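Asker: Please read through the structure below; I'll follow up with questions.
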Amino acid sequence: MSVAKLRVFRGDSQGGEEKEYEVPVDEGMVVLDALFYIQANYDGDLAIRWNCKAAKCGSCSTEINGKPKLACKTRMDSFEEGETITVYPIKAFPVIKDLVTDVSWNYEVSKKIPPFTPAEDTEWIMYQEDVERGQEFRKCIECFMCQNVCHILRDHNRKDVFAGPRFMIKIAEREMHPLDVLDRREFAREEAGVGFCNITKCCTEVCPEDIHITDNGIIPLKERVVDKYYDPLSWLLRKIKGK
Amino acid sequence: MEKYETHTHDVIVIGAGGAGLRAAIESSAKGASTALICKSLLGKAHTVMAEGGVAAALANVDTKDNWETHFKDTMKGGKMLNNWQMALYHAKEAPERVRELEYWGALFDRTKEGRINQRAFGGHTWKRLAHVGDRTGLEMIRTLQEKGIHSGIDVYMECTITHLIKDGDRVVGAFGYWRESGKFVLFRANAIVLATGGVGKAYKYTSNSWEYTGDGHAMAYEAGAELIDMEFIQFHPTGMVWPPSVRGILVTEAVRGEGGILTNSEGERFMERYDPERMELSTRDVVARSIYTEVEQGRGSPHGGAFLDVSHRGADYVKRKLPSMYHQFMEFADIDITKGPMEVFPTTHYVMGGVKVEGDTCSSTVPGLFAAGEVAGGMHGANRLGGNSLSDLLVFGKRAGEGAAAYANGKSHASVSAELVEGYANELREPFNNTQGENPYTIHQDLQDVMQLYIGVFRTEENIQKGIDEIEKLKERAKTLKIEGSVMFNPGWHLCRDLKSMLIVSEALARCALARKESRGAHSRVDFPESDDGTWGKLNSIVAIKDGAMDFVTRPIMEMPDEFSKMFTEDK
């Protein structure tokens, strides 16, 4: 059994520092197992969020060697022999303690998105090909890693104007629901700030569920918004109807 | 003492998985001021891990299906020990509860006609499980979460409830702490719904998440409520075996539902010997015992399991119908399940036993205290059918929410004794103050080893007794715990109370397992291999606190009226 060196961020909102730990590595072990080992053997108070340890709940998002990863899905044998592994909290959200960050902003944003709204006389017939677009977005496990790497949120901290990729696909999913009748385009533009995304696709790259956030979610959403606001025919109709 | 926050509601719901969310939605809809309290962030509860589907006799695929058949399947699967009334409500109401999710935005897989698709599962006569690939639980929790946040519920995230507070006989509040800050919080309420899920973390190999520490079972027990049939814990036949770090992670029954075949090291399709009629789609208790037996008798796979192969269905089909399984094995075990078999072995999955409730409103034996979902007992009898838990939590989540709101309605809040609260606070802080004591992580690991070894798939009096002796020693050791660090987000400290809950449920499990001298459903006694329908088939096991210790009694099962019992005799 080999021994791995981990350097884990220990601290809180006031600051902190890396602490080094040595952890024996068993076959198939993941970084979350190493963190458990640290809790049980060195520092019982090491804070990390986790639930399922099966890549289904999206709780254990961290930055491992600088890259956003689910700790439960990152295998220890993916590192070079003798490589030091650093584990940090996700950067776009304020640190609470150690690897735990304050992600409550995401829940506030989520609540603002107008819910699914079917017509009153809906017959509830939907075909597989029509639900598949929405089903892709509904795979989201809310790990918030897309939010974490989105440069509008991470580098510019513009949480005041942009809802982030997670919620772009949530709006897109509602908009593409075959039986939804609400128009969220104004919300997408004015409240969620879809125009701020300049399609660098960083979000898509980190998604552990392989959701094509940009191509299948944000770009079609942008197109719908453009259709509403900049399509000459719609513009003319709006003028005539006074809307 | 330290300052603490106080919140006042008509109804508080503890636990925000499917049952908790559904209860809170209903309670709020009935006009009660409702709090939903969860240990994790919203939407991370164990329901998120449910895979194969939700059982409801929608009859979209097999048009012959109806509630009567679902009811009979459930009772037979539970070896007739179920609370028949709950099984009846469940079978009748599940279709409407599933359709309701669709009205709230859920996107289930479809039939060609555009209706909710259904798949086959063990013990279900017809194709009955509405599903979304193999991530049905995620779909359900997102749908309920979404409905919940627009239902006027107050959600308290990352808040652990540690004690229920009573005034005389009835519960009037709950006490606990914020995980983040470690500060205490008091909730005053006229009714409390427990929806805290199961107990799997008492075992070493489990498909359950960290939250499954039996909090609700333990708090209800401490508040004087009866727990029913705790010996019945389901070992899901197919958990991952290799590598060690993922041992126990669930391999959905949908693999078998979609045609997966079990074989042993000799290439034999061994289910032919155990249940030639239903084969791989036999009930979970039977399949789990069969795999266990094959391995015990030396016909196991290289890492001590059975082979489960679905690759004959073709790569596209497998990836479409079982996407999570494909990724799970690819990423954790370097195995491509579209090309070859998986290795599987039973893993601790679900507790059939729980807080004894009555079926109408899910009220427990303590006034004002309700329970729904896995924490409640009775519905599944001696063995739960796959897919019946997701429908259970919808049907009884709604009923509990309704019941709690009706109970709370018009009651005024009782005062909560400050002395009592101070006592709880001191008890919780103790591990910080102890200069000497045990590491909670060590005791937890020891408990997991004990439960795995002595209260497993097959049981004997000698082993169970050893288990009880070991649990008693662990209880002693756990009296003095010591932890490091501050009160802020301190997992070691959090484990101290969780550990106490796990010890209570482990003892309940062991004591009930010792008492039931027969084999029935998930409870397999090597020393009593037959079912004893004349005696034990008519008795529920009950534990409750008596003079500070765990007291075991039996109670006759609820008698089924002729109108329903004849449904079973007609079959014979």
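The values are calculated or read from the model by the stated rules, or taken from the named source; none is laboratory data. These numbers come from a predicted model, not from an experiment. Reconstructed Cβ throughout: ideal geometry from the backbone, glycine too, with neighbour counts over all protein chains shown.
Asker: Pull up segment A:106-124, narrow it to residues that are in contact with a helix residue (DSSP H, G or I) (Cβ under 7 Å, 6 or more places away or on another chain), in a helix (DSSP H, G or I) and exposed (fewer than 15 other Cβ atoms within 10 Å of the Cβ), then point me to the one that is farthest from the other protein chains (Cβ to nearest Cβ).
Answerer: Within segment A:106-124, the match that is farthest from the other protein chains (Cβ to nearest Cβ) is A:LYS112.
Asker: Inspect segment B:449-466 for any residue being among the basic types (Lys, Arg) and crowded, with 17+ Cβ neighbours inside 10 Å and give the result as yes or no.
Answerer: The answer is yes; a qualifying residue exists.
Asker: Hey, another quick one. Just give me the residues in segment B:120-138 being away from chain A (no Cβ under 14 Å) and under 22 Å from the mean Cα position of the chain (by Cα), in sequence order.
Answerer: Within segment B:120-138, B:ALA120, B:PHE121, B:GLY122, B:GLY123, B:HIS124, B:ARG128, B:LEU129 qualify.
Asker: Being in contact with a Ser or Thr (Cβ under 9 Å, 6 or more places away or on another chain), farther than 20 Å from B:GLY354 by Cα and touching a residue at least 40 places away in the same chain (Cβ under 8 Å) narrows it down to one of B:MET502, B:MET488, B:MET560, B:MET567, so name that one.
Answerer: After applying the criteria, what remains is B:MET488.
Asker: Working only within segment B:55-74, note down all residues that are buried (at least 19 other Cβ atoms within 10 Å of the Cβ) and polar (S, T, N, Q).
Answerer: Selection gives B:ASN60, B:THR69, B:THR74.
Asker: Further question: Just the residues that are in a loop (DSSP other than H, G, I, E, B), touching a strand residue (DSSP E or B) at 6+ places or on another chain (Cβ under 8 Å) and surrounded by 24 or more Cβ atoms within 10 Å (Cβ to Cβ), please, taken from segment B:33-54.
Answerer: Scanning segment B:33-54 gives B:CYS38, B:LYS39, B:GLU51, B:GLY52, B:GLY53.
Asker: What pairs come out if I take residues in segment A:107-124 that are without any contact (Cβ under 8 Å) to a residue 12 or more places away in the chain and pair them with residues that are in a loop (DSSP other than H, G, I, E, B) whose C-beta lies under 8 Å away, six or more apart or interchain?
Answerer: A:TYR107/B:LEU41; A:TYR107/B:LEU42; A:TYR107/B:MET157; A:LYS111/B:HIS150
Asker: Separate question: Before we move on, is B:VAL366 away from every other protein chain (no Cβ under 14 Å) and under 22 Å from A:ALA55 (Cα atoms)?
Answerer: no
Rundown of residues vs (1) in contact (Cβ under 8 Å) with a residue 24 or more places away in the chain; (2) surrounded by fewer than 18 Cβ atoms within 10 Å (Cβ to Cβ); (3) part of a loop (DSSP other than H, G, I, E, B), yes/no style:
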residue: B:GLY381; (1), (2), (3): yes, no, yes
residue: B:GLY397; (1), (2), (3): yes, no, no
residue: B:ALA400; (1), (2), (3): yes, no, no
residue: B:TYR407; (1), (2), (3): yes, no, no
residue: B:HIS413; (1), (2), (3): yes, yes, yes
residue: B:LEU420; (1), (2), (3): yes, yes, no
residue: B:LEU428; (1), (2), (3): yes, no, no
residue: B:THR442; (1), (2), (3): no, yes, no
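Asker: Hey, can you tell me all the residues within segment B:2-20 that are hydrophobic (A, V, I, L, M, F, W, C) and either touching a strand residue (DSSP E or B) at 6+ places or on another chain (Cβ under 7 Å) or on the phi > 0 side of the Ramachandran plot (or both)?
Answerer: Answer for segment B:2-20, where residues must be hydrophobic (A, V, I, L, M, F, W, C) and either touching a strand residue (DSSP E or B) at 6+ places or on another chain (Cβ under 7 Å) or on the phi > 0 side of the Ramachandran plot (or both): B:VAL11, B:ILE12, B:VAL13, B:ILE14, B:ALA16.
Asker: Is at least one residue of segment B:68-88 outside any loop (DSSP other than H, G, I, E, B), over 30 Å from A:GLU120 (Cβ atoms), in contact (Cβ under 8 Å) with a residue 24 or more places away in the chain and touching a strand residue (DSSP E or B) at 6+ places or on another chain (Cβ under 6 Å)?
Answerer: no
Asker: Taking segment B:285-312, which residues are touching a Gly at 6+ places or on another chain (Cβ under 6 Å) and closer than 24 Å to B:PRO244 by Cβ?
Answerer: B:VAL295, B:LEU308, B:VAL310
Asker: Hey, can you tell me all the residues within segment A:125-135 that are at the interface with chain B (Cβ under 9 Å from one of its Cβ atoms), of a type in the set (D, E, K, R) and surrounded by 14 or more Cβ atoms within 10 Å (Cβ to Cβ)?
Answerer: Once the filter is applied, which keeps residues that are at the interface with chain B (Cβ under 9 Å from one of its Cβ atoms), of a type in the set (D, E, K, R) and surrounded by 14 or more Cβ atoms within 10 Å (Cβ to Cβ), segment A:125-135 yields only A:ASP130.
Asker: Can you pull out every residue in segment A:44-73 that is in contact (Cβ under 8 Å) with a residue 24 or more places away in the chain, buried (at least 24 other Cβ atoms within 10 Å of the Cβ), in a loop (DSSP other than H, G, I, E, B) and of a type outside the set (A, V, I, L, M, F, W, C)?
Answerer: A:ARG49, A:LYS56, A:GLY58, A:SER59
Asker: Report, by residue number, each residue of segment B:444-487 that is assigned to a loop (DSSP other than H, G, I, E, B) and within 14 Å of chain A (Cβ to nearest Cβ).
Answerer: Hits for segment B:444-487 are B:LYS482, B:ILE483, B:GLU484, B:GLY485, B:SER486, B:VAL487.
Asker: On the given criteria, is B:ASN117 at pLDDT 95 or above and more than 9 Å from chain A (Cβ to nearest Cβ)?
Answerer: Criteria not met by B:ASN117.
Asker: A further question on this structure: Filter segment A:150-193 for residues that are more than 14 Å from every other protein chain (Cβ to nearest Cβ), hydrophobic (A, V, I, L, M, F, W, C) and either closer than 23 Å to B:LYS147 by Cβ or touching a His at 6+ places or on another chain (Cβ under 9 Å) (or both) and give the result.
Answerer: Scanning segment A:150-193 gives A:PHE162, A:ALA163, A:MET168, A:PHE187, A:ALA188, A:ALA192.
Asker: Restricting attention to segment B:211-238, which residues are among the aliphatic types (A, V, I, L, M) and assigned to a loop (DSSP other than H, G, I, E, B)?
Answerer: Once the filter is applied, which keeps residues that are among the aliphatic types (A, V, I, L, M) and assigned to a loop (DSSP other than H, G, I, E, B), segment B:211-238 yields B:ALA223, B:ALA225, B:MET230.
Asker: I'd like to verify a number: residues in segment A:11-40 that are buried (at least 17 other Cβ atoms within 10 Å of the Cβ), at the interface with another protein chain (Cβ under 10 Å from one of its Cβ atoms) and not in a helix (DSSP H, G or I), how many?
Answerer: Summing the residues that are buried (at least 17 other Cβ atoms within 10 Å of the Cβ), at the interface with another protein chain (Cβ under 10 Å from one of its Cβ atoms) and not in a helix (DSSP H, G or I) in segment A:11-40 gives 4.
Asker: Residue by residue through segment B:467-506, note down the ones that are in contact with a strand residue (DSSP E or B) (Cβ under 6 Å, 6 or more places away or on another chain) and surrounded by fewer than 22 Cβ atoms within 10 Å (Cβ to Cβ).
Answerer: B:ARG477, B:MET488
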